[in-house]
Amino acid sequence: MDESDGRKIRNICILAHVDHGKTTLADHLIASSGGGVLHPRLAGKLRYMDYLDEEQRRAITMKSSSISLKYKGHSLNLIDSPGHMDFCSEVSTAARLSDGALVLVDAVEGVHIQTHAVLRQAWVEKLTPCLVLNKIDRLICELKLSPMEAYTRLIRIVHEVNGIVSAYKSAKYLSDVDSIIASSSGEMSADENPEFWEDDEEVTFQPQKGNVVFVCALDGWGFGISEFANFYASKLAGVSVTNLQKALWGPRYYVPKTKMIVEKKHLSAESKAKPMFVQFVLEPLWQVYEAALDPGGDRAVLEKVIKSFNLSIPPRELQNKDPKNVLQSVMSRWLPLSDAVLSMAVKHLPDPIAAQAFRIPRLVPERKIIGGGDVDPSVLAEAELVRKSIEACDSSRDAACVVFVSKMFAIPMKMIPQDGNHRERMNGLNDEDSKSESDECFLAFARIFSGVLRAGQRVFVISTLYDPLKGESSQKYIQEAELHSIYLMMGQGLTPVNEVKAGNVVAIRGLGPYISKSATLSSTRNCWPLASMEFQVSPTLRVAIEPSDPADMSALMKGLRLLNRADPFVEITVSARGEHVLAAAGEVHLERCVKDLKDRFAKVNIEVSSPLVSYRETIEGDGSNLLESLRSLSLNASDYVEKRTPNGRCVIRVHVMKLPHALTKLLDENTDLLGDIIGGKGSHSVTLLESQTPSLEGNVDPIETLKKELIEAGVSTSPESKKDREKCKAEWSKLLKRIWALGPREKGPNILFAPDGKRIRDDGSILVRGSPHVSQRLGFTEDVTAEASEEEALHSEALTLESSIVSGFQLATASGPLCDEPMWGLAFTIESHLAEDSETEKQQQPENFGIFTGQVMTAVKDACRAAVLQRNPRIVEAMYFCELNTAPEYLGPMYAVLSRRRARILKEEMQEGSSMFTVHAYVPVSESFGFADELRKGTSGGASALMVLSHWEMLEEDPFFVPRTEEEIEEFGDGASVLPNTARKLIDAVRRRKGLHVEEKVVQHATKQRTLARKV
């Protein structure tokens, strides 16, 4: 493939909310350009890309799959992706392999929660998007809108989608939920007429530019502005195609008398002119629909359309008694869907050569070597050469071959082509892939970014942790493998090929034993791994699984390994109690995983536990008054907890405070970045010049950005007065220079500050000062060596205790006092005073008290947990953002279901142009299991819900509530009759599951024997 061939490739993914018509659209594109694999009459009914039984049964797409299409000399790799939130990981895998995206939006339902998610995914992966407004026919047939009302609705949707993209570009929102809430609160005022909106030149989607098409995927028709501009240019004298294309969208009007196109201000007051899009595009469509579907419709309109456009329609189709079939025959030939969509894709979506030059900062971020005296210059030069090959999409045979595998997927062995040399190669295959998985074959879903990939080629499999500059220490992250077969994908079908050049999407066999989820393949060792994919959500639904028959344990273990490889998002872990825990994105995802385990991978009956919900622990308060909290954190404050080690040598004092919510959220969302910064070791360090999240600015140092955000987040809720705010900022900046550690796992949302007191106390004990290790890594303070001390022996011993204090802090933050769940948003200052060791204690210590560092660690852990208990602990639960759609008559039953689930309603509004209501609410994750089923039963199927993990929220209830005030005593009595509140119930449930002590009444009725018989 030379450069001209590379320019004729397009890699496209279809992205949309669930049920907005992605697979139906793909069907029509396959029927017209797929080489005859699908008959046009079956398009939209067969759902060719949904070839799994579960997908056909549920009528939703559950995985991303690719197919190769041919259109006017161009080769298009079309990837269909799921729209359900549970399978958003498949959207990430599709987006990484693509260069452009077709974003579908339902013209009736408009923008939904997953639309925000897929637009953000396209922006993160630097894809070029085109907009497809689907189900235009529903505006005519269901909503009965007039052409003017339909135009108003369409222009609103385009405006809203442009608003979402521009908000992501300006990095205004941290998450999809933030953008949804903001967009719903910032609705347009009633007097703003969309008819007069003008598109800005910088706006992403503009129909007059050609990157927006209007389609009805079910009936197989669609159009862009250019189709009508070309037609009317020949009818309207003196108007060029270019001018007409610009005028057919927006507030432009055609005056028949003067034969001129004017704006609204040039119209006379009594003029009843309509926008040109309404007059020249929508009204003819409405006339055709009315002529075909109305019982008394004028058939002459259809005849006129057929004659004007020279449509060849068989007479038997026009004489069909079903008017919908007649309409479909006319519309699909007048405005073919595939021509509208594929011509837009070829014209407006980039080819691999142009796309990779634009996407290179995201795919392989530029590295800056800091202090690398031992770095081999030849290795660095080759790595940079490989990066340039990727940037240029070099398809020459001399270029390094670089491939990114976005996921592994399993297909039955019987689906593998068995012909020619490929059969010989497979028969000779003698590896784990053929030995243990005789029924299932694992293929890699991959994109070639550089060079030529050949069957039988030996390549290096590189994980994301590999660093070519580290030499031997990084060898565990690289393996060598042989590729056995390469296939072009045709949905479920596979076409074997011997070699494929850069820019194509392929399936590779032979990598099963080497890749678990995703990886980079390279023909050279000296290659940076491509950046890992970003998933919109994390797997939050966890269940414990075990075989029904203990003898099937080995089969289940094998099945779990296969499932972990086949699903890019599932997580398999072993809990502290020895249970096998499966983590999925949601209930639908979990059901599919369990079904795959039973039927495909393990083939044994399994028992699934009730969901294991994660919680967090914190203390009372919102952390808004940072100045007061900082005063309470000072060592002179009295509200501390003091513990002594068993041998009495070390006294530990712990102060705790609540961090502001904005700071806690920032630390939680940047755990991976903080882990990379804090854990950076070695003689040289590599800094990514661009963060994983794209920005409008060129090269952004993520460490500098994080530093600024940490300072701002700490004082974001500080007092209003400027003097207090400046004082607060100064105190907070001073404190940021003392960050000793983060926890749990050294990168969590809890902070340990180094103490700032007198070095040596009056009694001769020495303070273990600690080192602001994290502050140094983040650049808040310089790396300084510890000063020498007169008490050399005691000082060196104090230095050895620093790691014990940090370990105690990590243990405490990993398991809080309420129910052994991680702590959330807390800051600790630990003051440890070490005294001299007497001779008698030296002799007694090993036998009586154990190792001294262990004593310190345990004392620190106990002191931190006691400090949290002293400050009114609270439980923090995860919350789903829930978007519900329902008819007005089901609002009552829907609210009843929400109230039983402890939901908090955010907004309720009627969808414009329809009678449906949209409700936004927060639902606790612990209450979400079975929510969709209960909602369907309660509303007789009249309401639907989609949930996405939003945030962590503190439960205000006190789990240890005891009546104290007169009003409380009057209401609850002496406290003996107070029922456990919600917080206490959640804590007891977790403690019971973990085998911890639970205070509960074992005997309910001690005075009377209770039997099953009811004797009077």
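Rule-based calculations on the coordinates, nothing more; no lab input. All values derive from a computational prediction rather than experimental measurement. Note that we place each Cβ from the backbone using ideal geometry, even for glycine, and neighbour counts take in every protein chain shown.
Details
- With a threshold of 27 Å on the Cα-Cα distance, the over-threshold entries among K274/K304; K144/K169; K517/K595; K517/K598; K8/K414; K388/K501 are K144/K169; K8/K414.
- Neighbourhood charge, 13 Å Cβ-Cβ cut-off, centred on S803 and excluding it, Lys, Arg +1 and Asp, Glu -1: -3
- Spatial separation of Cα centroids for the range 468-495 and the range 815-835, in angstrom: 44
- When both the range 306-355 and the range 558-597 are represented by their alpha-carbon centers, they are found 44 Å apart.
- Residue (of M910, M894, Y922) at the positive-pole extreme of the range 889-942, dipole from beta-carbon charges: Y922
- Antiparallel %, DSSP beta bridges [both residues in the range 28-151], to 5: 55
- For L590, the shell of other residues with beta-carbons less than 13 Å away shows a net charge of -3, using +1 for Lys and Arg and -1 for Asp and Glu.
- Total formal charge among the other residues, if their Cβ is under 12 angstrom from that of E571, Lys/Arg +1 and Asp/Glu -1: +1
- log₁₀ of I(q)/I(0) at q = 0.12, 0.15, 0.22 Å⁻¹ - the range 875-994, Debye sum with one point per alpha carbon: -0.57, -0.78, -1.16
- Annotation: peptides 69-79, 50-60, ranked by per-residue average of other Cβ atoms within 10 Å with the highest first, follow the order 69-79, 50-60.
- Cα→Cβ-extended label distance, 7 Å offset, between L293 and L869, nm: 6.9
- Protection proxy ranking of 906-912, 486-492, by the mean of other Cβ atoms within 10 Å over each peptide's residues and highest first, is 486-492, 906-912.
- Shape category assigned to the range 542-612 from the gyration tensor of Cα positions, a/c cut at 1.5: rounded
- Amide H partners (placed H, <5 Å) of N504, local residues excluded: I448
- Point-to-point label distance, T781-K388, nm (Cα→Cβ direction, 7 Å offset): 4.4
- Here the extension length gained between K734 and L465 equals 93.4 nm, from 0.36 nm per residue of separation less the Cα-Cα distance.
- Rounded to 0.05, the FRET efficiency of the K259 and E908 pair, given R0 = 60 Å and the Cβ-Cβ distance, is 0.75.
- Rounded, prolate or oblate (a/c below 1.5 giving rounded, otherwise prolate when a/b exceeds b/c) for the range 21-99 by Cα gyration tensor: oblate
- Centroid-to-centroid separation of the range 860-911 and the range 374-408 [C-alpha atoms, Å]: 48
- Alpha carbon Rg of the range 225-335, scaled by the compact-globule rule 2.2 N^0.38 Å: 1.24
- Inter-label distance, nm, simple model (7 Å from Cα along the C-beta direction), S803/S234: 8.3
- Computed extension length for D933-S538: 139.9 nm, one decimal, from 0.36 nm per residue of separation with the Cα-Cα distance subtracted.
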